[in-house]
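The values are calculated or read from the model by the stated rules, or taken from the named source; none is laboratory data. For clarity, every value in this text was computed on a predicted model and none was experimentally measured. Every residue, glycine as well, gets a Cβ built from its backbone with ideal geometry; the counts of neighbours run over all protein chains shown.
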Amino acid sequence: MPSLQLFHKFLGVTLLLLPYCAQGKPARVFPMPGFRAEKEVSQAYLPGACSYQCRFPSVAGNEMEDIVLQLEERISKLEGVLRLQGKITTSGRKIFATNGKTADFQATVKTCQEAGGCIASPRNADENAAILYFVKQNNKYAYLGIKESLIPGKFQFLNGAELSYTNWYSHEPTGKGEEECVEMYTDGTWNDKKCNQNRLVVCQF
């Protein structure tokens, strides 16, 4: 159900932003109509997949439709608030967010996975611009979900898919086996870089 997938995206964004936004204050939890999570989200949580049990009551079609509409309305309001506060950016059906912290590549991947998403991996100019918003806002470079393949100088997405879009800085990449990760500069261009540097955490959902 598309609405449930959308809920999962915002749940992930909330998990990522909670320490960033709470600033030491206890977070308020707003119960969703007809939804009950049986256990905490696992670290292996994948976007669009429910790794915890979601139970919806047995209700008539019209009542379930009302519940879905209420859920969509709440998500829409939440998205509006987060957009207004500059906490998220969107491109198509993807949502991008940052917790404002820095980490090396592996820690960034882990942080995004634990939040229910993955490290930001732009597949077109619009998604690249959505990530660039945070890079400029925080004035920090960010790692992308792209790594060098077994062929030196050739890069691919973490799932092994080929890059259909690139935005390399002039004469990059140049590491050829020495710099396996990819960072985004504050002008939106890319550079190959060693994976042990601390860069801004930006996730996608």
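So, residue 138, is that one of a type outside the set (A, V, I, L, M, F, W, C), at pLDDT 95 or above, over 23 Å from residue 163 (Cβ atoms) and more than 14 Å from the chain's Cα centre (by Cα) or not? When the stated conditions are applied, residue 138 passes them. Selection of segment 148-169 for residues being in contact with a Lys or Arg (Cβ under 7 Å, 6 or more places away or on another chain) and either at positive phi or exposed (fewer than 10 other Cβ atoms within 10 Å of the Cβ) (or both) yields 153, 164. Taken together, the criteria place residue 170 among residues that are polar (S, T, N, Q) and over 18 Å from the mean Cα position of the chain (by Cα). All of 113, 156 fail the test of being polar (S, T, N, Q) and touching a residue at least 60 places away in the same chain (Cβ under 8 Å), apart from 113.
Can you say whether residue 173 is surrounded by fewer than 18 Cβ atoms within 10 Å (Cβ to Cβ) and more than 19 Å from residue 106 (Cα to Cα), as far as the supplied structure shows? No. Looking only at residues of segment 97-113 that are out of contact with any Gly (no Cβ under 9 Å at 6 or more places or on another chain) and more than 9 Å from residue 201 (Cβ to Cβ), we find that the one that is surrounded by the fewest Cβ atoms within 10 Å (Cβ to Cβ) is 106.
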